[in-house]
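S.K.: Just dropping this structure here.
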């Protein structure tokens, strides 16, 4: 195993975090994009109610959290060697680590608020 394959860069972690956010945003926008070409309002309402269900949102957010945790947060939190903790210039990895932690905390808070009823999903079309 070479030294370059055992190190994990902050850029790679940031890319994972941004990709997870982009995936969640894209998943949420798909019914809105479908609306652009839809002529049947009843069919569009059924699609939105099917697509934007709380359990499905919770599944996507949990999956995104698992990927960010495994591929971004943990590699930054657990260094490749104990001596690397003494390296100076760890501003960028620290910033990306705290962005990942913020993602985990905000998504957890959102899921808790959704489960307790304090946060409701607003579909694109009323019932």
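The values are calculated or read from the model by the stated rules, or taken from the named source; none is laboratory data. Note that the coordinates shown come from a computational prediction; the quantities given were computed from them, not determined experimentally. Note that each Cβ is placed from the backbone with ideal geometry, even for glycine, and that neighbours are counted across all protein chains shown.
S.K.: Name the residues in the range 44-67 that are in contact with a helix residue (DSSP H, G or I) (Cβ under 8 Å, 6 or more places away or on another chain) and in contact (Cβ under 8 Å) with a residue 60 or more places away in the chain, would you? Give the steps one after another, and end with the answer.
M.R.: Initially, the range 44-67 is screened for residues in contact with a helix residue (DSSP H, G or I) (Cβ under 8 Å, 6 or more places away or on another chain), giving 44, 47-48, 51-52, 54, 57-58, 60-62, 64-65, 67.
Passing the criteria: 44, 48, 52, 54, 57.
S.K.: Right, here's the next one. Within the range 68-81, track down each residue that is in contact (Cβ under 8 Å) with a residue 24 or more places away in the chain and part of a helix (DSSP H, G or I).
M.R.: Our first condition is that a residue be in contact (Cβ under 8 Å) with a residue 24 or more places away in the chain; within the range 68-81, this holds for 68-69, 71-73, 75-76, 80.
Hits for the range 68-81 are 68, 69, 71, 72, 73, 75, 76.
S.K.: While we're looking at this one, here's another question. Does residue 106 fit the bill of being modelled with pLDDT of 90 or more and within 20 Å of the chain's Cα centre (by Cα)?
M.R.: Values: modelled with pLDDT of 90 or more: yes; within 20 Å of the chain's Cα centre (by Cα): yes.
In short, yes.
Per-residue answers, yes or no, for (1) at pLDDT 75 or above; (2) surrounded by 14 or more Cβ atoms within 10 Å (Cβ to Cβ); (3) over 16 Å from residue 13 (Cβ atoms):
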site	(1), (2), (3)
25	yes, no, yes
30	yes, no, yes
48	yes, yes, yes
61	yes, yes, yes
67	yes, yes, no
70	yes, no, no
77	yes, no, no
82	no, no, yes
88	no, no, yes
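S.K.: Just checking, which of 114, 92 is farther than 29 Å from residue 31 by Cα, assigned to a helix (DSSP H, G or I) and at pLDDT below 90?
M.R.: On the way: 114 fails: farther than 29 Å from residue 31 by Cα.
It is 92.
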